[in-house]
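*Asks:* Sharing a structure below in structure tokens format, with a few things to ask.
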Amino acid sequence: MKKHMKVLIIFIVLFMIGVAVVLFCSNQEGFTGSRIKNPDSYMLDIERMNGTDVHTLDLQNGDVLQIQFETVKGSLYMEIHAPNGTIIYRGNGKEITDFTVNIQENGAYTIVVEAWKAKGTIHIQCAKIE
């Protein structure tokens, strides 16, 4: 009986270590997919992403950002910050997935993407208005 108890305890300990390793690995920052960062565009085709990604676009008053943002799985959150720090967009890619944002001020606009076990797409393209 004591031998069976030892085997059971060893099995439980090994199982708990295995669960801890899986949980630790699944929460690590990482990105699998395609990422393109240009001065006038930002494209993420995400197969799996955990963590944060940041990109800056140099924009002019009158420019229009054409955005496609869709969360397929997990959690994706995006903010776009104007040069003065105000947030001009924030969302999760679940309600509205195809929209535009009008640019009111010249300068560097920062895009911050946060993901947790995410799959989806973020395509931002600047349309220059002459």
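The values are calculated or read from the model by the stated rules, or taken from the named source; none is laboratory data. All values reported here derive from a predicted model rather than from experimental measurement. Cβ: placed from backbone, ideal geometry, glycine included. Neighbour counts: every protein chain shown.
*Asks:* Any residue in region 108-129 that is without any contact (Cβ under 8 Å) to a residue 60 or more places away in the chain, in contact with a Leu (Cβ under 9 Å, 6 or more places away or on another chain) and on the phi > 0 side of the Ramachandran plot?
*Replies:* Step one: filter region 108-129 for residues without any contact (Cβ under 8 Å) to a residue 60 or more places away in the chain, giving 108-110.
Then keep just the ones that are in contact with a Leu (Cβ under 9 Å, 6 or more places away or on another chain); that gives 108-110.
Now drop any that are not on the phi > 0 side of the Ramachandran plot, which leaves none.
Scanning region 108-129, I find no residue that is without any contact (Cβ under 8 Å) to a residue 60 or more places away in the chain, in contact with a Leu (Cβ under 9 Å, 6 or more places away or on another chain) and on the phi > 0 side of the Ramachandran plot, so the answer is no.
*Asks:* Sort out which residues of region 24-81 are over 14 Å from the mean Cα position of the chain (by Cα) and among the hydrophobic types (A, V, I, L, M, F, W, C), and write them in order of number.
*Replies:* Phe24, Cys25, Leu57, Leu59, Val64, Leu65, Ile67
*Asks:* Sticking with this one: Across region 106-130, what is the number of residues that are of a type outside the set (Phe, Trp, Tyr), surrounded by fewer than 15 Cβ atoms within 10 Å (Cβ to Cβ) and more than 15 Å from His55 (Cβ to Cβ)?
*Replies:* Counting residues in region 106-130 that are of a type outside the set (Phe, Trp, Tyr), surrounded by fewer than 15 Cβ atoms within 10 Å (Cβ to Cβ) and more than 15 Å from His55 (Cβ to Cβ) gives 6.
*Asks:* Any residue at all in region 83-90 that is under 12 Å from the mean Cα position of the chain (by Cα), surrounded by 11 or more Cβ atoms within 10 Å (Cβ to Cβ) and at pLDDT 95 or above?
*Replies:* No; the residues of region 83-90 include none that is under 12 Å from the mean Cα position of the chain (by Cα), surrounded by 11 or more Cβ atoms within 10 Å (Cβ to Cβ) and at pLDDT 95 or above.
*Asks:* Please enumerate the residues belonging to region 66-78 that are out of contact with any Phe, Trp or Tyr (no Cβ under 7 Å at 6 or more places or on another chain) and either surrounded by 14 or more Cβ atoms within 10 Å (Cβ to Cβ) or of a type in the set (Val, Ile, Thr) (or both).
*Replies:* Gln66, Gln68, Phe69, Glu70, Thr71, Val72, Leu76, Tyr77
*Asks:* Among the strands (runs of 3 or more DSSP E) contained in region 64-104, which hold 3 or more residues that are of a type in the set (Val, Ile, Thr)?
*Replies:* The qualifying strands (runs of 3 or more DSSP E) are 64-81.
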